[in-house]
Structure formats: C-alpha cells, structure tokens
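The values are calculated or read from the model by the stated rules, or taken from the named source; none is laboratory data. This is a predicted model, so every value here is computed, not measured. As a convention, Cβ positions derive from the backbone with ideal geometry for all residues, glycine included, and neighbour counts pool all protein chains shown. Ligands, DNA and RNA are stripped out before the accessible areas are found, and what is left, the full protein with its side chains, is counted by its heavy atoms. Shrake-Rupley method; radii C 1.70, N 1.55, O 1.52, S 1.80 Å.
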Amino acid sequence: MARRLHASRTVGVDKNVWVEFTQLAADYKAVNLGQGFPDFSPPQFVQDAFCKAVSGGPQMHQYTRAFGHPRLVKSLAKFFSRIVGREIDPLEDILVTVGAYQALFCAFQALIDNGDEVIIVEPFFDCYQPMVLMAGGTGVYVPLRPKEGSTVLSSGDWVLSAEELASKITPRTKAIVINTPNNPLGKVYKVEELQMIADLCIKHDLLCFSDEVYEWLTYDGAKHVKIASLPGMWERTITVGSAGKTFSATGWKVGWAISSGNLIKHMKIIHQNSVYHCATAAQEAVSHGFDREYELFGSPESYFQQLPSMLHQKRQKLASCLRSAGLQPIMPEGGYFMITDISSVKVDLNDESTEDESYDFRFVKWLIKEKGLATIPVSAFFSPEHSKEFDKYIRFCFVKENSTLEAAEEILRKWSQKE
Ligand SMILES: Cc1ncc(COP(=O)(O)O)c(CNOCC(=O)O)c1O
C-alpha cells in the first residue's frame with residue numbers, strides 16, 4: 001500500500017519502557033525488581049470471591065453494566081463516600097475501567113482537546129505523556145526537585161515549586177496531573193502541597209487528574225490525602241484507582257475513575273465506544289473485597305493495614321541491602337518503589353549497543369546483562385526536557401517475596417565485594 005499505514009497519532013509514542021525492560025529481564029532470566037507487580041498472590045478473600053463468582057452461574061460469564069458492574073459501583077460508592085466525606089452516586093460518579101490505565105486513557109481522551117496544555121508533575125507514570133499526545137494535547141512538565149542544601153534522604157525531600165508550577169499555567173492549560181503516592185519516587189503529597197495545587201486549579205479553572213493507585217501504601221506516618229476532598233475540588237478532579245494495586249491483583253485489570261458525574265459522563269462516551277466494559281467476574285470479586293474492607297476499615301484485620309505493614313518490612317530490607325552495597329536509597333513515603341542515586345557507582349558500561357542511550361538506561365541494561373538484576377531507569381519517568389537532569393537514578397520494586405529480595409541482595413553483595 002503506497003499510503004502511510006499508521007495514523008499520525010501513533011507517531012512519537014512508540015517506545016514503552018515496560019515492554020523493553022520486561023523482555024530484557026526475561027531474556028536474561030534476571031531477578032526482577034523492575035516492573036511493579038507482586039510476585040505473590042492476592043489475599044485469599046478476593047481469590048475466594050473470584051472462584052465463587054466464576055462458579056456462580058451464567059451471568060458471571062456474560063456482559064454486565066457497561067460503566068461498572070452494579071455490585072462493584074455500589075461497593076465503591078459506599079466505601080469512598082466515607083473517605084471523601086460526600087455522597088458518591090454509584091451510577092453517575094463512578095466509571096469502572098480496564099485497570100487504572102484505561103481510566104487515565106478515558107480521562108485524557110474525553111477531557112483534553114487539540115491544543116490543550118496539560119501540566120504533568122515529574123517524575124510521572126510514563127503513560128501520561130503518550131496519552132496527552134494521543135488526545136491532541138501538549139504536555140508541559142514541572143519536576144519535583146530535591147530540596148536545595150539538605151541531605152536528600154526521603155521522597156519528602158523532593159518538592160514542587162509553587163512558583164515554577166504557577167509560571168507554567170497559560171490560557172491554554174486545561175489540567176494538572178499528579179500521582180500520589182508517586183511512582184517512582186514514593187512521595188506522598190502533604191495537604192499543604194495539595195492545597196497549593198488546588199488553589200491554582202480553582203484560580204485558573206483547571207481540571208486535576210489525580211492518580212492514587214497506591215493510596216493504601218504509606219509508611220512512617222505519611223498520610224494519603226485525596227485532593228478531591230479539598231474544598232472546590234470535587235467537581236474538577238478525576239480520582240483514579242486500581243484494584244490491581246489495592247488487592248495485589250494486577251492481572252485482573254480492574255480500575256476506576258471517581259468524580260462528579262458532570263465529568264464522568266464524558267468519559268463514559270470514550271469507554272462505551274472502546275472497551276465497553278471489564279471482566280464481570282473480576283468486578284464481582286473486587287466488590288466483595290471492598291465490602292469486607294468497609295467493615296474492617298482501620299482494624300488490624302484490614303488488608304489496607306496488613307499490606308502496608310508487610311511492605312514496610314520489605315522497604316526496610318531493600319534499603320539496608322542497597323546501603324550495604326554502597327548505594328544511597330531515597331526512602332519512599334509511600335508506594336512500592338525505591339529509587340537510588342547511582343552517580344557514585346563506578347562501572348564500565350562498555351556496551352556499544354547502548355552508547356547513544358541515557359546513563360541510567362545504559363546502567364540498567366548493564367545490571368541486567370552482567371549482574372542478572374532487573375530495575376527500571378528513572379529518566380523514563382521524566383520528559384525529554386528534564387530527563388538529562390535525572391538520569392543518575394534507578395528504581396527498585398519491593399512488592400516482592402523476601403526470597404526475591406534476598407536473591408537481589410546476594411547479587412548486590414557480591415558486586416560490592418568485588419568493587
Ligand atoms: C502511577 C500508576 N498509575 C497507574 C498504573 C496502572 O494501573 P493498572 O495496572 O490498574 O492499570 C500504574 C501501574 N504501574 O505499574 C508499572 C510499574 O510502574 O512498574 C502506576 O504505577
């Protein structure tokens with residue numbers, strides 16, 4: 001065919017760090033602390049709910065309500081109404097999606113138009129950039145930066161400059177995208193930081209896309225605050241969640257967007273004309289999961305208490321392993337990733353095939369090929385404009401069995417002994 005095959009919207013959005021590094025980790029049979037998925041099963045109560053659903057008769061194997069299985073939207077509305085302190089309408093204010101990915105896709109496709117500018121706070125979950133481009137928008141990037149002059153030990157030491165953020169707002173700005181707890185940094189935005197963002201959204205009449213898939217995973221007293229719960233923000237915020245991250249079931253691909261029905265109604269149009277709906281049985285199981293957590297909320301039996309407490313130990317384990325290898329981790333306040341500065345590490349990255357790539361990409365490929373340990377380069381979470389400034393960090397994932405973390409520890413120990 002003489003004509004160009006691909007649509008122009010696919011130009012410039014072809015690379016995907018997950019496809020590239022997951023394949024490389026598999027090719028080299030590396031210990032995988034790269035992509036963010038648990039190497040253990042979801043809790044028994046949601047597994048049992050899934051098994052019950054699939055043996056629960058024909059209706060669980062057939063289509064359900066397009067915008068969300070009735071039982072699930074009711075469970076989500078009941079659960080999150082108590083969190084945000086307002087009545088959430090299960091049929092108007094919630095869209096159930098194929099993972100948080102699709103909630104994000106529907107938000108960008110439904111609410112960002114050609115020529116709109118979208119401010120993305122960096123580091124950011126990489127799909128935001130291509131999703132903005134495919135919606136016809138222009139990404140405008142504002143990085144979180146390590147605090148000047150202080151020893152940067154925690155993700156809380158990476159801050160967003162109110163002046164820099166305000167300076168990027170123009171009459172074409174339509175939305176600000178934040179992710180808290182942040183991937184890859186682990187920053188949990190403080191209420192004062194969220195209030196600063198909210199003030200700008202209200203002043204300039206902007207939308208806020210708030211990716212909160214790690215909402216239950218916070219440590220050392222860090223508190224997750226939903227920006228949608230701040231005054232004046234409910235009607236302009238899309239809050240995105242994930243059953244994959246909530247119940248350690250990333251393969252089920254159930255996610256959601258919660259917002260005023262005035263915004264959700266536009267996202268429903270994209271959803272019904274693309275994937276139409278998500279797996280019925282998985283939605284049924286997630287609904288039972290939220291009903292259980294509603295009853296147990298705040299108690300020691302709650303999975304939303306047990307998972308962060310298990311991960312807190314893994315976080316400490318990984319940090320001490322990195323320190324003993326001479327690395328300096330940035331302690332995450334939330335999520336299940338930890339980034340570490342590699343600028344002090346002396347290695348001979350003598351791989352010609354990667355010589356035109358950024359330092360962290362080259363380092364990660366060397367670590368996989370030469371040491372059999374998979375991580376993710378952090379500059380993948382920055383725009384081309386800022387990636388050079390942040391190409392001396394790599395990301396480790398610690399939502400892994402202790403045996404996996406110990407295998408990584410062994411590799412790092414041997415390596416540091418040879419240095
Ligand atoms: C911030 C954020 N939003 C959204 C998502 C996607 O969520 P879901 O799996 O529910 O589509 C993810 C999943 N990330 O997993 C890849 C990795 O970082 O290693 C995520 O981190």
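In region 52-65, the condition of being open to solvent by 80 Å² or more (accessible area, probe 1.4 Å), modelled with pLDDT under 90 and either away from the ligand (no atom under 16 Å from the Cβ) or over 21 Å from the mean Cα position of the chain (by Cα) (or both) is met by no residue. Tallying residues that are of a type in the set (Phe, Trp, Tyr) and open to solvent by less than 10 Å² (accessible area, probe 1.4 Å) within region 274-303 yields 1. Taking the listed residues Leu144, Leu194, Leu160, Leu153, the one that is more than 30 Å from Gly12 (Cα to Cα) and surrounded by 18 or more Cβ atoms within 10 Å (Cβ to Cβ) is Leu194, with no other qualifying.
Filter region 275-298 for residues that are under 14 Å from Phe45 (Cβ atoms) and of a type in the set (S, T, N, Q) and give the result. Outline the logic, then answer.
Within region 275-298, the subset under 14 Å from Phe45 (Cβ atoms) is 284-296.
Within region 275-298, just Ser287 meets the criteria.
Check region 4-20 and report whether any residue there is within 16 Å of the ligand (Cβ to nearest atom), farther than 30 Å from Gly372 by Cβ, touching a residue at least 40 places away in the same chain (Cβ under 8 Å) and assigned to a helix (DSSP H, G or I). Walk me through how you get there before you give the answer.
Step one: list which residues in region 4-20 are within 16 Å of the ligand (Cβ to nearest atom), which gives 15-20.
This time we only want the ones that are farther than 30 Å from Gly372 by Cβ, so: none.
No, because not a single residue in region 4-20 is within 16 Å of the ligand (Cβ to nearest atom), farther than 30 Å from Gly372 by Cβ, touching a residue at least 40 places away in the same chain (Cβ under 8 Å) and assigned to a helix (DSSP H, G or I).
Looking only at region 21-44, filter to residues that are among the hydrophobic types (A, V, I, L, M, F, W, C) and crowded, with 16+ Cβ neighbours inside 10 Å; which one of those is nearest to the ligand (Cβ to nearest atom)? Here the residue is Phe37.
One line per residue, one yes/no per condition, for (1) under 21 Å from the mean Cα position of the chain (by Cα); (2) more than 22 Å from Asp27 (Cα to Cα); (3) open to solvent by 10 Å² or more (accessible area, probe 1.4 Å):
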| site | (1), (2), (3) |
| --- | --- |
| Met310 | yes, yes, yes |
| Ser320 | no, yes, yes |
| Ala325 | no, yes, yes |
| Gly334 | yes, yes, no |
| Ser358 | no, no, yes |
| Thr375 | yes, no, no |
| Ala407 | no, no, yes |
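For region 121-152, filtering for residues that are more than 16 Å from the ligand (Cβ to nearest atom), assigned to a loop (DSSP other than H, G, I, E, B) and of a type in the set (A, V, I, L, M, F, W, C) leaves 2.
Taking region 71-97, which residues are in a loop (DSSP other than H, G, I, E, B) and touching a Gly at 6+ places or on another chain (Cβ under 7 Å)? So that I can check it myself, show each step before the final result.
Our first condition is that a residue be in a loop (DSSP other than H, G, I, E, B); within region 71-97, this holds for 85-93.
Correct list: Asp89, Glu92, Asp93.
In the set Glu385, Glu370, Glu410, only one residue is touching a strand residue (DSSP E or B) at 6+ places or on another chain (Cβ under 7 Å) and either assigned to a helix (DSSP H, G or I) or of a type in the set (Phe, Trp, Tyr) (or both); that residue is Glu385. Scanning region 90-115 for residues that are open to solvent by 60 Å² or more (accessible area, probe 1.4 Å) and either under 19 Å from Gln283 (Cα atoms) or of a type in the set (A, V, I, L, M, F, W, C) (or both) yields Leu91, Glu92, Tyr101, Phe105.
Here is a yes/no grid of residues against (1) within 24 Å of Ala110 (Cα to Cα); (2) of a type in the set (Ser, Thr, Tyr); (3) away from the ligand (no atom under 16 Å from the Cβ):
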position	(1), (2), (3)
Gly221	no, no, yes
Ile227	yes, no, no
Gly244	yes, no, no
Thr250	no, yes, no
Ala257	yes, no, no
Ser260	yes, yes, yes
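Please go through (1) more than 16 Å from the ligand (Cβ to nearest atom); (2) closer than 25 Å to Lys226 by Cα; (3) in contact with a helix residue (DSSP H, G or I) (Cβ under 8 Å, 6 or more places away or on another chain) for Leu72 and return the number of the only condition it doesn't satisfy. Condition (1) is where Leu72 drops out.
Candidates in region 230-242 are the residues that are open to solvent by less than 10 Å² (accessible area, probe 1.4 Å) and of a type in the set (Val, Ile, Thr); of these, the one that is nearest to the ligand (Cβ to nearest atom) is Val240. Taken over region 87-101, the criterion of being within 16 Å of the ligand (Cβ to nearest atom) and not hydrophobic (A, V, I, L, M, F, W, C) is satisfied by Thr97, Gly99, Tyr101. Scanning region 42-60 for residues that are of a type outside the set (A, V, I, L, M), more than 19 Å from Tyr214 (Cβ to Cβ) and in contact with a helix residue (DSSP H, G or I) (Cβ under 7 Å, 6 or more places away or on another chain) yields a count of 2. Checking Leu405 against (1) at pLDDT 95 or above; (2) closer than 25 Å to Lys15 by Cα; (3) out of contact with any Gly (no Cβ under 8 Å at 6 or more places or on another chain): exactly one of these is not met. Which one? The failed condition is (2). Within region 153-180, the set of residues being outside any strand (DSSP E or B) and basic (Lys, Arg) comprises Lys168, Arg172. Take the conditions (1) more than 16 Å from the chain's Cα centre (by Cα); (2) touching a residue at least 60 places away in the same chain (Cβ under 8 Å); Ser403 misses just one of them, which is (2).
Filter region 202-211 down to the residues that are touching a helix residue (DSSP H, G or I) at 6+ places or on another chain (Cβ under 6 Å) and hydrophobic (A, V, I, L, M, F, W, C), then identify the one that is most open to solvent (accessible area, probe 1.4 Å). Spell out how you get there, then give the answer.
From region 202-211, those touching a helix residue (DSSP H, G or I) at 6+ places or on another chain (Cβ under 6 Å) are 207-210; that's our starting set.
From what's left, hydrophobic (A, V, I, L, M, F, W, C): 207-209.
Values: Leu207: 23, Cys208: 0, Phe209: 4 Å².
Only one residue tops the list, namely Leu207.
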